[in-house]
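For reference, the structure is listed below as structure tokens.
The values are calculated or read from the model by the stated rules, or taken from the named source; none is laboratory data. Remember, predicted model here, so these are calculated numbers, not experimental data. Cβ: placed from backbone, ideal geometry, glycine included. Neighbour counts: every protein chain shown. The protein model used for the area step is the full one, side chains on, heavy atoms only, and it has no ligands, DNA or RNA in it. Shrake-Rupley method; radii C 1.70, N 1.55, O 1.52, S 1.80 Å.
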Amino acid sequence: TYKLKVKPGKTYLLRLINAALNDELFFTIANHTLTVVEGDAIYTKLFDTDKLLIAPGQTTNVLLKTKPEYPNATFLIAARPYSTGQGTFDNSTTMGVLEYEHPFKKPSKNPTLIQPNLPQINDTQFVSNFTMKFRSLANDEFPANVPKTVDKRFFFTVGLGTSPCPKNTTCQGPTNSTKFAASVNNVSFTLPSVAILQAYYFGQSNGVYTTDFPVEPMVPFNYTGIAPNNTNVMNGTRTVVLPFNTSVELVMQDTSILGAESHPLHLHGFNFFVVGQGFGNFDPVKDPAKFNLVDPMERNTAGVPAGGWIAIRFLADNPGK
């Protein structure tokens, strides 16, 4: 069991990263308050919390202020998944120990063990309240250079659908004959035999990928309402090509096709600004008026809320990513 040894009356900087592949994780240190100072290597306006939510690949830096006097106790450090979906996964809790060092005494052989208090595994309201606390510093030294004008707008639905189970294979989808398949605008990614960037660089994209990825859902429906009868996804290696220095606004909408759940997404090679988020279906008329263009959080990984949407903006100025 991992032990983090600390001294009373000190402040420690903890650099936390979620190294899981699939699970968003709640994190807490029993009976201690954490001050969030950074997310994905970007400084934030400070805020205190006793619990965190970290998506796969996300980083969060926090200040831990230890107790002023030596406590005759140890404190559990705990993390466990946040999930609202149908799929099966390991929902166990992982533990570490925060242990205080006494300058003159040996640690007690039987110290009081303080238990942590984590949110419920499907506590979407906590996740929403926590993520909305993140704000960029937005000052002269660390400006929030969010694009104020937009050249390209995209609307992507994200979620889980189904694909046929391969022959002679046991699948754990909604039925024995299907498997879960993630998709964006109902397109599930097919891994090409040649890397996309390599094919693009050498001008050999023909047969490797296409440039016709749908910029909005091909069949609109009530995305967070009653699921459509047909849950099958399409498969393809389809891309969106952007001119250099294009300012982009992307709204990502969760779908309830196989149950609403949070979908952490990473934009490789870029930071983006989270300008808005909400529950239900995105309203292109009313919701943009509420966007935060003053001090939105800048990061590279964010979760599409379960049963909701997130809006990001970024400048496409990093060719090859």
Residue separation between VAL294 and VAL241 times 0.36 nm, minus their alpha-carbon distance, gives in nm 16.2 nm
For region 37-145 the chymotrypsin sites (Phe, Trp or Tyr not before Pro) that pass both the DSSP coil test and the at-most-14 other-Cβ-within-10 Å test are PHE89, PHE104
With the 8 Å Cα cutoff and a minimum separation of six or more residues, region 152-316 has a relative contact order in percent of 27
HN-Hα couplings for region 248-255 via Karplus (6.51, -1.76, 1.60; θ = phi - 60°), in whole Hz with x for Gly/Pro, come out as 10, 10, 10, 9, 10, 10, 5, 10
Lys and Arg at +1, Asp and Glu at -1: neighbours of THR157 with Cβ under 14 Å from its Cβ sum to -3
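Add +1 for every Lys or Arg and -1 for every Asp or Glu among the other residues with Cβ under 14 Å from the Cβ of ILE121, and state the total.
Numbers: positive: LYS51, ARG80; negative: ASP23, GLU24, ASP90, ASP123, GLU261.
Net charge in that neighbourhood comes out at -3.
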One would report the antiparallel percent of DSSP beta bridges in the chain, rounded to the nearest 5, as 75
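Relative contact order (percent) for the chain, with alpha-carbon contacts under 8 angstrom and 6 or more residues of separation?
Values: 728 pairs, mean separation 57.4, N = 321.
Value for the chain: 18 percent.
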Which residues qualify? For LYS179, with a placed amide H closer than 5 Å and at least 5 residues away or on another chain, they are SER163, CYS165
Averaged per residue, the 1.4 Å probe accessible area of the chain, protein heavy atoms only, in Å², is roughly 55
Carbon/sulfur accessible area of the chain, % of total, 1.4 Å probe, equals 53
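Could you tell me what percent of the DSSP beta bridges with both partners in region 101-251 are antiparallel, to the nearest 5? If you can, show how the numbers build up before the last one.
Details: 8 of 17 bridges.
Antiparallel bridges make up about 45 percent of those DSSP assigns within region 101-251.
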Applying the gyration tensor rule to the Cα atoms of region 152-316 (axes a ≥ b ≥ c; rounded if a/c under 1.5, else prolate if a/b exceeds b/c, else oblate), the class is oblate
For region 89-178, listing GluC sites (Glu not before Pro) in a DSSP loop whose Cβ sees at most 10 other Cβ atoms within 10 Å gives GLU141
For ASN61, the net charge from surrounding residues (Cβ-Cβ under 13 Å; K, R +1; D, E -1) works out to 0
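Do any chymotrypsin sites (Phe, Trp or Tyr not before Pro) in region 226-321 lie in a DSSP loop with no more than 11 other beta carbon atoms within 10 Å, and if so, which? Intermediate values should be presented prior to the final figure.
On the way: sites: PHE244, PHE270, PHE272, PHE273, PHE279, PHE282, PHE291, TRP309, PHE314; in loops: PHE244, PHE270, PHE282, PHE291.
Those that pass, being in a loop and sparsely packed, are PHE244.
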Everything considered on the Cα gyration tensor (a ≥ b ≥ c; rounded for a/c under 1.5, else prolate if a/b is larger than b/c, else oblate), region 55-192 must be described as oblate
Sorted by chain and then number, the residues having a modelled amide H within less than 5 Å of the amide H of GLY39, at least 5 places away or on another chain, are THR44, ASN61
For ASP50 the rounded accessible area (nearest 10 Å², probe 1.4 Å, non-protein molecules ignored) is 70
Taking a ≥ b ≥ c as the square roots of the Cα gyration tensor eigenvalues, with a/c under 1.5 meaning rounded and otherwise prolate when a/b beats b/c or oblate if not, the chain comes out prolate
Between the modelled labels at GLN204 and LYS148 (7 Å from Cα along Cα→Cβ) the distance in nm is 4.6
Taking alpha-carbon centroids only, region 44-62 lies from region 179-249 a number of Å equal to 31
Expected vector for region 95-101, Karplus 3J(HN,Hα) from phi with 6.51, -1.76, 1.60 and θ = phi - 60°, integer Hz, x for Gly and Pro, equals 10, x, 9, 9, 10, 8, 9
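Can you tell me the order of 172-181, 31-40 when each peptide is scored by its average per-residue count of other Cβ atoms within 10 angstrom, highest first? All intermediate terms of the calculation are to be shown ahead of the outcome.
Numbers: 172-181: 15.5, 31-40: 18.3.
By packing density, highest mean first, the sequence is 31-40, 172-181.
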